[in-house]
Amino acid sequence: MAKVLIATYSRSGRTQGVAEELAQLIDADMYKIEVAPDTFDRDMYKTDEIATEQIKNNQYPKLVSEIPNVDQYDLILVGSPVWRGAPATPVHTFLEQIQNFPGKVASFYTDAGMADGYEDTFKEWAGKLNVLPAHEGSNDLAAWIKRLN
Ligand SMILES: Cc1cc2nc3c(=O)[nH]c(=O)nc-3n(C[C@H](O)[C@H](O)[C@H](O)COP(=O)(O)O)c2cc1C
């Protein structure tokens, strides 16, 4: 079985919940993609504005959690909420910092029903990484994992 890292950004806990479900299904290390607490706002709309500005200005937030040495992994599952049809901006920083990772990357994500654009933007942000099919929500996780192996 491939050595797997589950790297997750979650603002309000839903995506982290999926990450934990995945960790019950496979043997994986966990990493939380974290930014400084004042990066976003308690208010969702304000957070949306902040993230939109970050994208517009190509100024993505710094991570405060140290990224593990990814060379030891074969597969990285990247969890994110959908923010305005894209991954959350800390995920951009993470993907940028692992550009030399030679293994495979696949995203899982949660949303409120409007996820169009997420997977395309994830692929764009992934740059030269080798991206496998993504998974939306918390159903059928086992089937998704099986397809990745
Ligand atoms: C800034 C922001 C933007 C969002 N944009 C979308 C969106 O475009 N489409 C959607 O379906 N849900 C959107 N949502 C809802 C989240 O994707 C959803 O609640 C997600 O499950 C939250 O995950 P988390 O608890 O891991 O942070 C947005 C939430 C926030 C905070």
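How many angstrom lie between the Cα centre of the range 112-149 and the Cα centre of the range 61-111? Between the Cα centre of the range 112-149 and that of the range 61-111, the gap is 11 Å.
The label-point distance for Arg42 and Asp27, in a model that sets each label 7 Å from Cα toward Cβ, rounds to 4.4 nm. Where a ≥ b ≥ c are the square roots of the eigenvalues of the C-alpha gyration tensor, would you call the range 1-40 rounded, which needs a/c under 1.5, or, failing that, prolate if a/b is larger than b/c, or oblate? Note, shape of the range 1-40 comes out oblate. Rounded to the nearest 10 degrees, the inclination of helix 14-25 to the longest alpha-carbon principal axis of the chain is 10 degrees. With helices as the sole contributors, the chain gives -10000 deg cm²/dmol at 222 nm; each DSSP H run of n ≥ 4 counts as -39500 (n - 2.57), and the sum is divided by every residue. What FRET efficiency would be calculated for the residue pair Ile50, Lys128, taking the C-beta separation as r and a Förster radius of 22 Å, to the nearest 0.05? Efficiency, rounded to the nearest 0.05: 0.20. Computed from backbone phi, the HN-Hα couplings of the range 39-53 come to 5, 10, 10, 5, 7, 4, 6, 5, 4, 4, 5, 4, 5, 4, 5 Hz, rounded to whole numbers (Karplus: 6.51 cos²θ - 1.76 cosθ + 1.60, θ = phi - 60°; Gly and Pro given as x).
For the chain, would you read off the P(r) tail past 19 Å as a percentage of all alpha carbon pairs? For the chain, the share of Cα pairs beyond 19 Å comes to 48 percent. Selection among Ala86, Tyr109, Tyr73 by position relative to the dipole of the range 73-149 gives Tyr73 as farthest towards the positive end (Cβ unit charges, Cα centre).
Summing charges over all other residues whose Cβ lies under 14 Å from the Cβ of Ile67, with Lys and Arg as +1 and Asp and Glu as -1, gives -3. Rolling a 1.4 Å probe over the protein heavy atoms of the range 46-103, with every protein chain left in place, gives an accessible area that is 43 percent carbon and sulfur. What does the charge add up to near Ala115, with Lys and Arg as +1, Asp and Glu as -1, over the other residues with Cβ less than 12 Å from its Cβ? Charge balance near Ala115 sits at -4. Among Met30, Met44, Met114, the sequence by solvent-accessible area, most first, with a 1.4 Å probe is Met114, Met44, Met30. Computed about its Cα centre, the charge dipole of the chain is approximately 200 debye, with only Lys, Arg, Asp and Glu carrying charge at their Cβ. Compare Tyr60, Tyr118, Tyr109 in a GNM of the chain, Cα atoms joined below 10 Å, and give the one with the largest fluctuation. Ranking Tyr60, Tyr118, Tyr109 by mean-square fluctuation puts Tyr60 first.
Shape analysis of the range 89-149 places it in the oblate category; the axes a ≥ b ≥ c from the Cα gyration tensor give an a/c of at least 1.5, with a/b not above b/c. Dipole orientation for the chain: of the candidates Ala134, Gln54, Met44, Ala134 has the Cα lying most toward the positive pole (charges on Cβ; Lys, Arg +1; Asp, Glu -1). Find out how many positive minus negative residues lie around Arg84, taking Lys and Arg as positive, Asp and Glu as negative, among other residues whose Cβ is under 11 Å from that of Arg84. Every neighbour counted, the sum reads -4. Summed over the residues of the range 14-103 and divided among them, the accessible surface reaches 56 Å² per residue at a probe radius of 1.4 Å.
In this Cβ point-charge picture (+1 for Lys and Arg, -1 for Asp and Glu), the range 1-80 has a dipole of about 140 debye about its Cα centre.
The values are calculated or read from the model by the stated rules, or taken from the named source; none is laboratory data. As the structure is a computational prediction, the values presented were derived from the model and not from experiment. So basically every Cβ, Gly included, is an ideal-geometry build from the backbone, and we count neighbours across all protein chains shown. We work out accessible area using only protein heavy atoms, side chains counted, and drop any ligands, DNA or RNA first. Shrake-Rupley method; radii C 1.70, N 1.55, O 1.52, S 1.80 Å.
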